[in-house]
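The values are calculated or read from the model by the stated rules, or taken from the named source; none is laboratory data. None of the values given here were measured: they were computed from a predicted structure. As a convention, Cβ positions derive from the backbone with ideal geometry for all residues, glycine included, and neighbour counts pool all protein chains shown. What goes into the accessible areas is simple: the full protein's heavy atoms, side chains included, and nothing from ligands, DNA or RNA. Shrake-Rupley method; radii C 1.70, N 1.55, O 1.52, S 1.80 Å.
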Amino acid sequence: VGADQAIGTLCAAAAGRFQAQPPLRHPFGAGKLELATALCADLHVPAADLFAYGDSVHDLPLLRRAGHPVAVRPDPALRAAAVAAGWEVLGRR
């Protein structure tokens with residue numbers, strides 16, 4: 001996709017193989033916004049330049065802060081919020 005960095009779930013791994021244990025990091029809800037805000041600060045990038053994708057109403061804190069929010073196969077509550085806000089909506093759930 002040409003991205004230099006991404007933030008998401010961090011799975012435990014050893015010797016190049018994923019381990020059967022809970023993720024080391026699994027951003028959820030406002031936690032996603034906290035990680036994105038920290039990354040923007042580290043890179044000196046304004047939130048207006050941030051592209052964020054979400055599929056759940058729990059992604060609203062991040063999507064509301066991003067300059068380029070996209071709802072992807074959103075749940076009904078996120079779809080309603082995205083349509084009301086005029087955001088791009090991709091696919092159906």
Under unit Cβ charges (Lys, Arg +1; Asp, Glu -1), what dipole magnitude, rounded to 20 debye, does the chain have relative to its Cα centre? 320 debye
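Nearest-5 percent of antiparallel DSSP beta bridges in the chain? Mind showing how you got there, number by number?
Values: 3 of 10 bridges.
Of the beta bridges lying entirely in the chain, close to 30 percent run antiparallel.
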May I ask you to derive the relative contact order of the chain, considering only C-alpha pairs under 8 Å and at least 6 residues apart, and to give it as an integer percent? 19 percent
With N set to the number of residues, divide the alpha-carbon radius of gyration of the chain by 2.2 N^0.38 Å and report two decimals. 1.19
Surface per residue (accessible, 1.4 Å probe) for the chain, Å²: 70 Å²
Would you mind classifying the stretch 41-93 by shape? Square roots of the alpha carbon gyration tensor eigenvalues, ordered a ≥ b ≥ c; an a/c under 1.5 is rounded, otherwise it is prolate if a/b is larger than b/c and oblate if not. prolate
Roughly what angle does helix 30-43 make with the longest principal axis of the chain, taking Cα atoms, 0 to 90 degrees, to the nearest 10? 80 degrees
Any chance you could run the full-extension gain for L39 through V72? It's 0.36 nm times the residue separation minus the Cα-Cα distance, nm to one decimal. 9.7 nm
